[in-house]
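The values are calculated or read from the model by the stated rules, or taken from the named source; none is laboratory data. Computed from a predicted structure; not experimentally measured. Using ideal geometry, Cβ is built from the backbone for each residue, glycine included, and neighbour counts are taken over all protein chains shown.
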Amino acid sequence: MNIILFGPPGAGKGTQADNLVKDYNLFKISTGDLLREEIKKKTEIGLKIKKPVDKGSLVSDLIITDLLEEVVANKTYFNRMIFDGYPRNLNQVKNLESLVKKYDQKISCILCLKVDLNILIKRILGRKVCSNCGNIFNDFFNPANSNNHKCDSKFLQKRSDDSENIIRSRYVTYEKETLPILNYYADNGLLHQIDGMQEIDQIYGQIRGIIDSLEA
Ligand SMILES: [Zn+2]
């Protein structure tokens, strides 16, 4: 089974991907990781992309498709991939489709975590971690108080330097990029929308339900 995971930044995709990797023996394929790996290993591609990646520029679809082909062609990953952060546009959707087809595989489902922008903002901006005991709190959803936290309040530190504007603009970009892709997969009957505002365990329960129904 090959899965594509979508969700705005801060939606908890990473946590859910880790759960899936562990329970279903899958491999998380992130194009960002693939690019960093090439740079680290100083491969021919790595040397070519180092500058643009350092500057935060986009790497061409051609290079990414080449890197992905190595992964998709690798027997270890056969039908055991979770794509995170890819595809980002319809061109990449087509590239991925022809790649998996070429190696006799298919995309089994698209999981999309939906979280309202206002909730995301509160999740990210409200998050605080205690540098003394390591517990994580949230000013909006789970504030530290004398019952749940014994350390001095000076240890509580904000987790993120993001401003509300940055979160908003990332969200808008995500929606704009993702909508045509989601529409495409909805037409193919592969799209599953998941309420990402539930508890983490509930979200994962729903994901398991979807995957188990595909396997059955
Ligand atoms: Zn503490």
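Some values worked out for this structure:
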item	result
Residue match in segment 142-162 (condition: closer than 30 Å to residue 91 by Cβ and out of contact with any Phe, Trp or Tyr (no Cβ under 9 Å at 6 or more places or on another chain))	yes
Criterion violated by residue 91 - all others in (1) within 27 Å of residue 59 (Cα to Cα); (2) modelled with pLDDT of 95 or more satisfied	(2)
Members of segment 15-54 that are without any contact (Cβ under 8 Å) to a residue 12 or more places away in the chain and in a helix (DSSP H, G or I)	18, 22, 33, 37, 40, 44, 46, 47, 50, 51, 52, 54
Filter result for residue 131 (within 12 Å of the ligand (Cβ to nearest atom) and either exposed (fewer than 12 other Cβ atoms within 10 Å of the Cβ) or of a type in the set (Phe, Trp, Tyr) (or both))	yes
Meets criteria (within 12 Å of the ligand (Cβ to nearest atom) and on the phi < 0 side of the Ramachandran plot) for residue 138	no
Residue in segment 74-82 that is among the aliphatic types (A, V, I, L, M), surrounded by 12 or more Cβ atoms within 10 Å (Cβ to Cβ), within 22 Å of residue 98 (Cα to Cα) and in contact (Cβ under 8 Å) with a residue 60 or more places away in the chain present	yes
Some residue of segment 191-202 being farther than 23 Å from residue 19 by Cβ and either touching a helix residue (DSSP H, G or I) at 6+ places or on another chain (Cβ under 8 Å) or part of a loop (DSSP other than H, G, I, E, B) (or both)	no
